[in-house]
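Everything on this sheet refers to the single structure shown next.
Laboratory data are not the source of any read-out in this text; all were calculated from the coordinates shown. Bear in mind the structure is a predicted one, so any value in this text is a computation, not a measurement. Don't worry about glycine lacking a Cβ; one is built from the backbone with ideal geometry, like all the others, and counts go over all protein chains shown.
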Amino acid sequence: MENGEGVVKKFCYINRKAPYGTIYALESLEVVLIAAAFDQDISLVFADDGVYQLTKGQATEAIGMKNFSKTYSALGDYDIKKIYVEKESLEERGLSAEDLQALKYEDEDDDWAEKDSLFVVERDELAGIIDEQDVILSF
Amino acid sequence: MENGEGVVKKFCYINRKAPYGTIYALESLEVVLIAAAFDQDISLVFADDGVYQLTKGQATEAIGMKNFSKTYSALGDYDIKKIYVEKESLEERGLSAEDLQALKYEDEDDDWAEKDSLFVVERDELAGIIDEQDVILSF
Amino acid sequence: MKFGIVVNEGPYTHQSSDSALQFVKAALQKGHEIFRVFFYHDGVNNGTSLGVPPQDDRNLTLEWSGLAEKHGLDLVVCVAAAQRRGILDEDEMGRHGKSANNLAPGFRISGLGQLIESGIQSDRLVTFGD
Amino acid sequence: MKFGIVVNEGPYTHQSSDSALQFVKAALQKGHEIFRVFFYHDGVNNGTSLGVPPQDDRNLTLEWSGLAEKHGLDLVVCVAAAQRRGILDEDEMGRHGKSANNLAPGFRISGLGQLIESGIQSDRLVTFGD
Amino acid sequence: MAILHTVNKSPFERNALESCLRLAKAGSSVLLFEDGVIGAMRNTRFSEKVAQAMDDYSFYVLGPDIQARGLDNDKVIDGIQVVDYNGFVDLTTEHDTVQSWL
Amino acid sequence: MAILHTVNKSPFERNALESCLRLAKAGSSVLLFEDGVIGAMRNTRFSEKVAQAMDDYSFYVLGPDIQARGLDNDKVIDGIQVVDYNGFVDLTTEHDTVQSWL
């Protein structure tokens, strides 16, 4: 990897926009997939309308746009396993974890057991997670 | 003029964005100046953050952008004399008519007397004005 | 009925070009006439001939060009907005001493008067933007 | 201190390119280093060589190019975002069989890894967008 | 002489829907599309406000944009009519003027 | 380990300032610039909310963006510090991380 001699920083990607209305969700995902190749400590945050990016059952045929929602379920294969969704953002939108895709990863340290990578966290906890980051990219 | 054989429509230009943060205010003004050459019935509406477009004393040197606020005072020369500002939008922002440029036109039917072209109107009246329009362009 | 369409944002970044395209297709299918599609603000970027979207995605400029060819649509890019943003046809390239032009087939560059005319001549003006 | 700068919107439409430019000028004047300016999303449109803004207005692309020349700035345009939006250098033009290229002097096209690297190498990453 | 007002932004993100409901005259119609469809869904922080506004306006929402966002036509607020692009076109012809709250 | 949060949108138009104040940890700083400067002004619908947030955060506002919009440094909420671009740069170096609420 072409990074700075073993430096590991906490990188956080904050997603606050609904998918399809703007390209930010898709182009954020493109950054994250590239970022996975660098040995950094990655967290993803979905808050505000960003929670709609993770909904199940997105169907884009009728709007003529590419459906990229399946890519989220591949994040585990990229070793991205800290995906935080703000609980209050879900609630304000009448959504719950059941409306979202189940995101998993296989834990190589635990005989490749499948584990959850998506965590619904409360506002205060999320604020704490954001506050610990070294580099934050916002979409 | 290249319009449709004497058709006169009510054209309304609604401005809801602050100036400089985005280009919509400037490019709206560019449309209005061209529109003035067509013999149509023109109204301008400033509501929400659009009211900041008309503030006095804009100074853009330090942000490196062109100050286009003086153009509003030239609208009278283009025979644009129905400029409506929503009163409630001003109030919510702690602004009053005194914070805005005084926009005038010279009335050719009244010995070129200088008259106000800016009207601060209440919400309900403004809703009525918008409702009467044939063509609305929104910026 | 006769429609004027206004597209205020560039392709891909906002949904407006997609929405406008779907609307225009539906209107044409219903037998309506599209008097003109006017591209303003960042909408002028829909007229670039240099876009290369991913192969598995739609190509919005090609879709507009194709629709223009098939239905004789008048796709007008605002000259002032286009100059600011680097969309030029051959004429404009020459006038400004630039080394390249990038206006896609089926689009033409013209003035804001074409937008006003669209408002006058069309039965309905429908705007798609951010 | 070493700064990474990210510009997410095109010139003129949003203030972000202006704000980034003013920030970079101030940082340089204070003796800081700009590790890289990365243009993403519509920000890639800052790299067009074909823009012709009104004579009494600033020319943002020229300002970035000038700053790059004077201070050796590394101005990187994201290749994936640029392809979608029609910003191509000569290489990309050839690769995609396009008739023109429009990348302004001082800009180069590269991948998203350059953004991540910017985050790793810089002491501070500052993003300007919509 | 009724206007079709269109709103393409989420009420959580922008003030477009709020401004529309403030300045659209009673008797007008409102079409929610693109990210604006979020405003048509039940059980959100804005549902009640929209439901109340239905006393004054006829509401429509674009189905294709609901489905794209993984939402469900069945969860649209009662009384809001779901249309497709053909319906969008029909709405514009059935009204005299279209105002886009950008 | 404090973060500098930047907000460049008007609180009247977008939810960026609201989200920032919801998710920024107490002790952080907030810089308002571009259209975000509107949130720093006295006597607006949002002034009281911002004034209250000053218990938890240090607020700064970019002067050049205030003047561009015809607003007055004297009308900035008491306790919000007006800075120029040099001050903006200094704020980024004095904090460990910069988070832009886009």
Sorted shortest first, the nm distances from the C:G111 label point (7 Å along Cα→Cβ) to its counterparts in the other copies are 4.9
Exposure proxy order (Cβ contacts within 10 Å, fewest to most) of A:K82, E:K9, A:K87, A:K17: A:K82, A:K87, A:K17, E:K9
To one decimal in nm, how far is B:E98 from the same spot in the other copies, if labels go 7 Å from Cα toward Cβ? Please give the shortest first. 5.9
Answer rounded, prolate or oblate for the protein assembly as shown, using the Cα gyration tensor with square roots of eigenvalues a ≥ b ≥ c: rounded when a/c is under 1.5, else prolate when a/b is larger than b/c, else oblate. rounded
Cβ neighbours within 10 Å from other chains - mean over F:3-9: 4
Taking a point 7 Å out from Cα toward Cβ as the label site, list the nm distances between E:A2 and the same residue in every other copy, smallest first. 5.5
Once you've got the GNM for chain A with C-alpha springs shorter than 10 Å, pick whichever of A:A47, A:A127, A:A97 has the biggest mean-square fluctuation. A:A127
If R0 = 30 Å, then D:D91 and D:D123, at their Cβ-Cβ distance, give a FRET efficiency to the nearest 0.05 of 0.40
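Could you tally the net charge around D:F35, taking each other residue with its Cβ under 12 Å from the Cβ of D:F35, Lys/Arg +1 and Asp/Glu -1?
With Lys, Arg at +1 and Asp, Glu at -1, the neighbours total -1.
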Let me check against my output: what whole-number percent is the relative contact order of the range F:32-100, with C-alpha pairs under 8 Å and at least 6 apart? 32 percent
Simple SL model, points at 7 angstrom along Cα→Cβ for E:K75 and B:E125; separation in nm is 4.4 nm
If the reach is capped at under 26 angstrom between alpha carbons, list the lysines near D:K2, excluding any in the same chain fewer than eight residues apart. A:K9, A:K10, D:K25, D:K30, D:K70, F:K25
Each label sits 7 Å from Cα toward the beta-carbon; between C:K30 and C:H71 the label points are separated, in nm, by 1.2 nm
Compute the distance from the alpha-carbon center of the range C:60-116 to that of the range E:31-91, in whole Å. 35 Å
Taking only C-alpha pairs under 8 Å that are 6+ residues apart, what is the relative contact order of chain C in percent? 37 percent
Pick from D:V44, D:V76, D:V52 the residue whose mean-square fluctuation is largest in a GNM of chain D, springs joining Cα atoms under 10 Å. D:V52
For the rotation taking chain C to chain D, which residue of C has the Cβ nearest the axis, and how many Å away is it? C:A100, 2
Inter-chain Cβ neighbour average for residues A:49-59, partner chain, 10 Å: 4
Which pairs, out of B:K115/F:K9; A:K56/F:K9; A:K66/E:K9; A:K66/F:K9, put more than 24 Å between their alpha-carbon atoms? B:K115/F:K9; A:K56/F:K9; A:K66/F:K9
Quick one: if you stick a label point 7 Å off each Cα along the C-beta vector at B:N67 and A:D39, how many nm between them? 5.6 nm
For chain A: rounded, prolate or oblate by the Cα gyration tensor [a/c cutoff 1.5]: rounded
If one compares the long axis through the Cα atoms of helix A:24-35 with the longest principal axis of the Cα atoms of chain A, the angle in degrees, nearest 10, works out at 20 degrees
Taking B:K81, B:K10 and counting other C-beta atoms within 10 Å, the order from fewest to most: B:K10, B:K81
Take every residue in peptide E:84-97, count the Cβ atoms of other chains within 10 Å of its Cβ, and give the average of those counts. 6
Given a Förster radius of 35 Å and the C-beta distance between A:K10 and B:Y78 as r, what FRET efficiency does 1/(1 + (r/R0)^6) yield to the nearest 0.05? 0.05
Can you sort B:L75, B:L137 from fewest to most other Cβ atoms within 10 Å of each residue's own Cβ? B:L75, B:L137
Just to be sure I understand: chains A and B are related by a rotation, so which residue of A has its Cβ closest to that axis, and how close in Å? A:T22, 7
For chain C, what are the DSSP H helices with axial Cα length of 15 Å or more and mean Kyte-Doolittle hydropathy of at least -0.5? C:16-29, C:60-71
